[in-house]
1. Only one of 127, 148 is in a helix (DSSP H, G or I), open to solvent by 50 Å² or more (accessible area, probe 1.4 Å) and under 22 Å from residue 221 (Cβ atoms). Can you tell me which?
2. Check residue 166 against each of (1) touching a strand residue (DSSP E or B) at 6+ places or on another chain (Cβ under 6 Å); (2) open to solvent by 20 Å² or more (accessible area, probe 1.4 Å); (3) over 25 Å from residue 217 (Cα atoms); (4) in a helix (DSSP H, G or I) and name the one condition it does not meet.
3. Go through the range 146-189 and give me each residue that's in contact with an Asp or Glu (Cβ under 7 Å, 6 or more places away or on another chain) and of a type in the set (Asp, Glu).
4. Give the residue, chosen from 104, 111, that is within 30 Å of residue 194 (Cβ to Cβ) and in contact (Cβ under 8 Å) with a residue 24 or more places away in the chain.
5. Between a residue in the range 211-226 that is closer than 17 Å to residue 100 by Cα and of a type in the set (Phe, Trp, Tyr) and any residue that is surrounded by 15 or more Cβ atoms within 10 Å (Cβ to Cβ) and at pLDDT 95 or above, which pairs come within a Cβ distance under 6 Å, given they are 6 or more apart or on different chains?
6. Taking the range 69-83 on its own, how many of its residues are under 16 Å from the mean Cα position of the chain (by Cα) and either open to solvent by 20 Å² or more (accessible area, probe 1.4 Å) or not aliphatic (A, V, I, L, M) (or both)?
7. Taking residue 92 as meeting all but one of (1) at positive phi; (2) touching a strand residue (DSSP E or B) at 6+ places or on another chain (Cβ under 9 Å), write down the number of the exception.
8. Look through the range 211-226, keep the residues that are part of a loop (DSSP other than H, G, I, E, B) and either of a type in the set (Ser, Thr, Tyr) or open to solvent by less than 30 Å² (accessible area, probe 1.4 Å) (or both), and return whichever of them is farthest from residue 47 (Cα to Cα).
Amino acid sequence: MHSTLVALLEHNATHASEYDTEFDDLQDGQHPEAVTVCCSDSRVLQDQMWGNDDPGYLFTCGNIGNRVIDRAEGEEFVSGDVLYPIAHTGTDLAVVVGHTGCGAVTATYDALTDGVSEPPGIERCLDLLKPRLEDGVEALPDDIDRSDAINRLVECNVDRQVQFLRESDDVPEGVSAVGAVYDFQDVYGGKRGEVHVINVDGERSVETLREEHPEIAGRIDRLWEY
């Protein structure tokens, strides 16, 4: 047996002993306060970044490129894993969380500039990201460093995912869509692991956001005003 699986099951035994009664009020359903859409990356701790250890509090989704968008038969729509809590559990906050140094954004950038070869499953994800990043790539300064370019495009991708949620007829008007970036590479100048809010319901201006949301002003920032 793979030693990692043995270790995982041992950790789960501890978890189960600690959470034995934590599910008592959740047997018949769930009503999470928010749905978070994070990138599928082992460095992105989807619940821990919020200090969450309460079952039922957050509905967490993870995929390549923290996408809210899916496509079938040529039509784009909000992915079901993101839409489910909004449509069925009364969740009225969606938080799209990109992260610094994102591999999905990097691969999409390379696909748009030089071309890449990936297995079909990964290529499909990149194809969903490409239309979101094309104008961002075109707007990059000619002399920009590669890592800086990627982190600017991380913000661009988050903005586009928030925009898609706001424009979807499937998302009620009362649902708030927030965009953020999880920084573990010292890009934003705060502590590693901090979440920086860059978009609230389509508003991207740091100055405006800080004025409108003073309670979180210290966590509002962005690298790129475009």
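The values are calculated or read from the model by the stated rules, or taken from the named source; none is laboratory data. Small disclaimer: the values here were computed from a predicted structure and weren't measured. Neighbour counts are summed over all protein chains in view; Cβ atoms, including those assigned to glycine, are modelled from backbone coordinates with ideal geometry. When the accessible area is computed, the model is the full protein with side chains, heavy atoms only, and any ligands, DNA or RNA have been set aside. Shrake-Rupley method; radii C 1.70, N 1.55, O 1.52, S 1.80 Å.
1. Working: 127 fails: under 22 Å from residue 221 (Cβ atoms).
Matching residue, one of 127, 148: 148.
2. Among (1) touching a strand residue (DSSP E or B) at 6+ places or on another chain (Cβ under 6 Å); (2) open to solvent by 20 Å² or more (accessible area, probe 1.4 Å); (3) over 25 Å from residue 217 (Cα atoms); (4) in a helix (DSSP H, G or I), residue 166 violates only (3).
3. Of all residues in the range 146-189, those in contact with an Asp or Glu (Cβ under 7 Å, 6 or more places away or on another chain) come to 166, 174-177, 179, 181, 183, 188.
Within the range 146-189, just 183 meets the criteria.
4. Going through 104, 111 in turn, just one is within 30 Å of residue 194 (Cβ to Cβ) and in contact (Cβ under 8 Å) with a residue 24 or more places away in the chain: 104.
5. Close Cβ pairs satisfying both conditions: 224/152; 224/155.
6. Counting residues in the range 69-83 that are under 16 Å from the mean Cα position of the chain (by Cα) and either open to solvent by 20 Å² or more (accessible area, probe 1.4 Å) or not aliphatic (A, V, I, L, M) (or both) gives 5.
7. With respect to (1) at positive phi; (2) touching a strand residue (DSSP E or B) at 6+ places or on another chain (Cβ under 9 Å), residue 92 is out only on (1).
8. At the first step, the residues of the range 211-226 found to be part of a loop (DSSP other than H, G, I, E, B) are 213, 221-226.
Imposing the further condition that a residue be either of a type in the set (Ser, Thr, Tyr) or open to solvent by less than 30 Å² (accessible area, probe 1.4 Å) (or both) reduces the set to 222, 224, 226.
On the way: 222: 23, 224: 27, 226: 31 Å.
The residue in question is 226.
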